[in-house]
Amino acid sequence: MTIRRALVGSLLVSILGCSDDAADSGDGDSDCTPFEASSETVTAANSFGTLEGMLERPAGCGPIPVVLMISGSGSQDRDGDSPGSPSPIQLTRVLGEAIRTQTDVATLRYDDPGVGGSATAIPVNLEEFLFDHEIESASAFIEKLRADSRFSSVVVAGHSMGSLVGIVADQTTPIDGFISLAGAGRLVSDLLREQLSDDLTPAQYQQLDEALNKLEAGELAGPVDPPLDQIIPPDYQPYFISWLQYHPADEIAAMTVPASIVQGRTDIQVTVGDAEALAAAKPDATLVLVDDMAHTLKQATSSTADQNAAYTDPSVPLAAGLMPPIEAFLEPF
């Protein structure tokens, strides 16, 4: 919803106690409940324990849409940072705030399993935690939002790996709309091969390729030498195998809800080609390519300095071209 429409809606709430849509329908207060801006802790459960997140609503008149925000790879808190990060940029929090202030839409962002309020939602034995549990966790919050009468529709916005999590979650826990933010369009193993090709020696790259071949075949690769042991350590390999069961382009092809695929042109982790692969698999999706947007969704040219700042400097703003297509996508909901 545009800022102008939001302002008009706020004025109608103060005068009539209902939204502009409710006023036009003639149904009055029966279809529209005014509310103040609010933040509340919400919980859900996965196979291992309790997940915790933050549900935030802008002031308005409802029910209203809500966006479930799913973070990327690695353990991240509800703000979008890894625990103990020396340079937190709070990507998820900043994006959530932008969504709420520029639309009439609520947001829910949550701690990944094992992090913060979701500390109990992960097994003691890490080999038991799989990519499927990421999907299960997102689905638990989708169900929670579906059952909440304050919300008219549930949209998922998945960043990076979270894009694939959201796509697959829709297959078992239906959503109303989907936004892919810098989501890969190919297997994560192929993405790693490309990302690391310039950083490894020929011997290291060969070991990486051999290990990935085994994981793609559903086999454990076993211990690997440094620095690969930081990328695919043995206790992470079962998770990796389960992740490789889902090809993003194949999975999004099965999605029937409206979708927007948003990709930065200066993203050094995921490429425009990935976004185009997702769009080709779902021709009715909207493809948006944003100039000067890094993988962190922050404003950045291709220069090394800009890229480093986008990953480490919290003062770097979201890319200028990011919010307009998100706002346009959310407006019909």
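The values are calculated or read from the model by the stated rules, or taken from the named source; none is laboratory data. Model, not experiment: these values are computed from the prediction. Positions of Cβ are generated from backbone atoms using ideal geometry, with glycine treated the same way; all protein chains shown enter the neighbour counts. Surface accessibility is based on the protein's heavy atoms, side chains included, excluding ligands, DNA and RNA. Shrake-Rupley method; radii C 1.70, N 1.55, O 1.52, S 1.80 Å.
Taking the Cα centre as origin and putting +1 on Lys and Arg beta-carbons and -1 on Asp and Glu beta-carbons, what dipole magnitude results for region 33-147, to the nearest 20 debye?
For this selection, approximately 380 debye.
Is the C-alpha gyration tensor of region 182-333 telling us rounded, prolate or oblate? Criteria: a/c under 1.5 is rounded; beyond that, a/b larger than b/c is prolate, otherwise oblate.
Judged from the Cα gyration tensor, region 182-333 comes out oblate (a/c at least 1.5, b/c at or above a/b).
Of G74, A138, L192, which is farthest along the charge dipole of the chain in the positive direction, counting Lys and Arg as +1 and Asp and Glu as -1 at C-beta?
The residue sitting farthest along the positive end of the dipole is A138.
Give the average over all directions of the projected area of the C-alpha convex hull of the chain, one decimal, in nm².
16.9 nm²
Using a 7 Å offset from the Cα along the Cα-to-Cβ direction at both D148 and N308, what is the distance between the two label points in nm, to one decimal?
4.1 nm
How much accessible area per residue does the chain have, in Å², with a 1.4 Å probe?
42 Å²
What distance in nm separates the two pseudo spin-label positions at Q207 and E331, each 7 Å out from Cα along the beta-carbon direction?
5.4 nm
Does region 263-333 come out rounded, prolate or oblate, given a ≥ b ≥ c as the square roots of the eigenvalues of its C-alpha gyration tensor, rounded meaning a/c under 1.5 and, failing that, prolate meaning a/b above b/c?
Oblate.
With n ≥ 4 as the cut-off for DSSP H runs, can you work out [θ] at 222 nm for the chain, using -39500 (n - 2.57) per run divided by the number of residues, rounded to the nearest 500?
-11000 deg cm²/dmol
Residue by residue through region 210-220, what is 3J(HN,Hα) from phi via Karplus (6.51 cos²θ - 1.76 cosθ + 1.60, θ = phi - 60°)? Round to whole Hz and write x for glycine and proline.
Running phi through 6.51 cos²θ - 1.76 cosθ + 1.60 with θ = phi - 60° gives 5, 5, 5, 4, 5, 5, 5, 8, x, 10, 5 Hz.
Using the Karplus curve 6.51 cos²θ - 1.76 cosθ + 1.60 with θ = phi - 60°, work out ³J(HN,Hα) for each residue of region 121-135 in order, rounded to whole Hz, and write x for Gly and Pro.
8, 8, x, 5, 8, 4, 4, 7, 8, 10, 4, 4, 6, 5, 5
Quick one: of the DSSP bridges fully inside the chain, what percent are antiparallel, nearest 5?
Expressed as a percentage, antiparallel bridges in the chain total about 40.
In debye to the nearest 20, how big a dipole does region 228-284 give about its Cα centre with +1 on each Lys and Arg Cβ and -1 on each Asp and Glu Cβ?
I would put it at about 140 debye.
Suppose every Lys and Arg Cβ carries +1 and every Asp and Glu Cβ carries -1, with no other charges. What dipole size does the chain come out with about its Cα centre, to the nearest 20 debye?
With only Lys, Arg, Asp and Glu charged at Cβ, the dipole is about 560 debye.
With the crude spin-label approximation of a point 7 Å out along Cα→Cβ, what separation in nm comes out for S38 versus D291?
4.3 nm
Return a whole-number percent for the relative contact order of region 132-183, with Cα pairs under 8 Å and 6 or more residues apart as the contact set.
41 percent
In region 197-333, what percent of the accessible surface is made up of carbon and sulfur (1.4 Å probe, ligands and nucleic acids excluded)?
Answer for region 197-333: carbon and sulfur cover 53 percent of the accessible area.
Over the chain, what is the relative contact order in percent, taking alpha-carbon pairs closer than 8 angstrom and at least six residues apart?
16 percent
R0 = 41 Å: FRET efficiency of D198 with E127, Cβ-based, nearest 0.05?
According to the calculation, E is roughly 0.85.
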